[in-house]
Amino acid sequence: MMKRKLFIWLVFGCACVLLAFTVLPGRYRLDTGKSEVYWKCDKHNGLVPFKHGEMTVSPDGDIHGRFDFDLTLFEVKDLDKKQYGTAKTILENTLKNEFFEIDKYPEAYYELYEAEPTPDDSLLFTGDLTFHGITNCVKFKGKIFKEGKYYRLTSGRFPIDRTDWGVYRLSPSLPYPDDENGWTVTDTVWIRVDLYLEHEG
């Protein structure tokens, strides 16, 4: 069985000539200060900060990575702190405590174990997301390209269903509302990743 190869496709010039090269084998460290995961749910959006991350590429092109998130620092970005400071804090604390239960589950992590080329010159990344004590497979399309000293991994928006990880607070899928006013929050959360990885040899 042929080993899977991790290829990056680059387009140069107006001629749109495609060149393929293999990502250098070795270990890659995530720059947690530059890397971000963006989320959007209903009318709100924000960031999930990284705690740690690394990726390894074998000489045969096999890929594996682990990326840890600190949910205690989960942030809402669409509410300006100066203008909506109290509302922003209340919403963040509600999400952390009532939705994520950070007292029980302060961290989440994604284990990447496959990246396959797609016909549209992207990569299909496959891995397991462990969140709220539950693990599910998550796939998303993205690209890796060289930017200065970094290999940058970016994705388009992709959806996940929060109820797959047992987060049912204010879910419209509940047989009856768990809020006295009947308020609900959509189950679909849109995610976009932007990772900065530095090759360490």
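The values are calculated or read from the model by the stated rules, or taken from the named source; none is laboratory data. This structure is a prediction, so every number in the text was calculated from the model and none was measured. As a convention, Cβ positions derive from the backbone with ideal geometry for all residues, glycine included, and neighbour counts pool all protein chains shown.
Some observations on this one:
- Scan of the stretch 106-131 for residues that are under 11 Å from Phe69 (Cα atoms) and buried (at least 16 other Cβ atoms within 10 Å of the Cβ), ordered by number: Ala108, Tyr109, Tyr110, Leu129, Thr130, Phe131
- Residue count for the stretch 124-135 satisfying the condition of being in contact (Cβ under 8 Å) with a residue 24 or more places away in the chain and in contact with a strand residue (DSSP E or B) (Cβ under 6 Å, 6 or more places away or on another chain): 4.
- Flag if Ile160 is assigned to a strand (DSSP E or B), free of Cβ contacts under 8 Å to residues at least 60 places away in the same chain and β-branched (Val, Ile, Thr): yes
- Test: Asp121 is at pLDDT 95 or above, of a type in the set (D, E, K, R) and either under 24 Å from Ala108 (Cα atoms) or touching a strand residue (DSSP E or B) at 6+ places or on another chain (Cβ under 8 Å) (or both): no
- Taken over the stretch 39-91, residues that are surrounded by 15 or more Cβ atoms within 10 Å (Cβ to Cβ), part of a helix (DSSP H, G or I) and in contact (Cβ under 8 Å) with a residue 24 or more places away in the chain amount to 3.
- For the stretch 42-68, a residue qualifies if it is at pLDDT 95 or above and charged (D, E, K, R), and the qualifying residues are Lys51, Glu54, Arg66, Asp68.
- In this entry, Val185 passes the filter for residues that are touching a Leu at 6+ places or on another chain (Cβ under 6 Å) and of a type in the set (A, V, I, L, M, F, W, C).
- Test: Gly166 is touching a residue at least 24 places away in the same chain (Cβ under 8 Å) and surrounded by fewer than 15 Cβ atoms within 10 Å (Cβ to Cβ): yes
- Scanning the stretch 143-157 for residues that are of a type in the set (Lys, Arg), more than 23 Å from Asp128 (Cβ to Cβ) and not in a strand (DSSP E or B) yields one hit, Lys149.
- Scanning the stretch 92-104 for residues that are surrounded by fewer than 17 Cβ atoms within 10 Å (Cβ to Cβ) and not in a helix (DSSP H, G or I) turns up Glu101, Asp103, Lys104.
- Residue within the stretch 69-85 that is among the charged types (D, E, K, R) and touching a Pro at 6+ places or on another chain (Cβ under 6 Å) present: yes
- The set of residues from the stretch 92-115 being in contact (Cβ under 8 Å) with a residue 12 or more places away in the chain, closer than 17 Å to Val185 by Cβ and not aromatic (Phe, Trp, Tyr) comprises Glu92, Leu95, Lys96, Glu98, Glu101.
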